[in-house]
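Data first, discussion second: the structure below is written as structure tokens.
Computed from the coordinates by the stated procedures, all read-outs in this text should not be read as laboratory data. Fair warning: this is a prediction, and the values are worked out from it, not measured in the lab. Cβ: placed from backbone, ideal geometry, glycine included. Neighbour counts: every protein chain shown.
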Ligand code: ZN
């Protein structure tokens, strides 16, 4: 079963979408299987990281900007090559396990939509498979 969600990403940030993924699992009725979270955009990604201390996501944004700064050598005419680099570094999907009707995540883990070229109206998909 495929679920589509919309997201208004007003700033460069990690947006916690764990609630939506859990909601898709419940709606699907699948109790044992996998949920694939997929981002169809080229300047935004999907990742799993800490959900307890918000400073972790702030540090991830800061660290990615330090690791992938804009460079005068970049040729892409849209001018957002750094956002494309960060997207490839983070990745465009996450696969999660469903068991006993629940997502199997670590205590401190959350699923994040990562925006690198705001502001944008975005969407993401959750594909739930199993029995
Ligand atoms: Zn571009």
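Computed over the chain, the P(r) curve from all C-alpha pair distances, binned at 10 Å from the origin, holds 13, 42, 31, 12, 3, 0 percent per bin.
Against the chain, whose longest principal axis is taken from its Cα atoms, helix 18-28 shows a tilt of about 40°. With the simple spin-label model, which puts each label point 7 Å out from Cα in the Cβ direction, the residue 38 to residue 8 separation comes to 2.7 nm. What FRET efficiency, computed as 1/(1 + (r/R0)^6) with R0 = 22 Å and r the Cβ-Cβ distance, is obtained for residue 16 and residue 58, rounded to the nearest 0.05? Calculated value: 0.95.
Taking a ≥ b ≥ c as the square roots of the eigenvalues of the alpha carbon gyration tensor, region 42-116 is oblate, as a/c is not under 1.5 and a/b does not beat b/c. Determine the shape class of region 1-71: with a ≥ b ≥ c the square roots of the Cα gyration tensor eigenvalues, call it rounded for a/c under 1.5, and otherwise prolate if a/b is greater than b/c, oblate otherwise. Prolate.
Any chance you could check the Cα centroid distance between region 1-55 and region 87-131 for me, in angstrom? Distance between centres, Cα-based: 4 Å. Averaged over residues, the count of other Cβ atoms within 10 Å places the peptides 41-49, 89-97, 101-109 in the sequence 41-49, 89-97, 101-109, highest first. Taking 0.36 nm per residue of sequence separation and removing the Cα-Cα distance, the residue 31/residue 131 pair yields an extension gain of 35.4 nm. Give the shape of region 31-83 as rounded, prolate or oblate, defined through the alpha-carbon gyration tensor: a ≥ b ≥ c are the square roots of its eigenvalues, a/c under 1.5 means rounded, and otherwise the shape is prolate if a/b is larger than b/c and oblate if not. Note, shape of region 31-83 comes out oblate.
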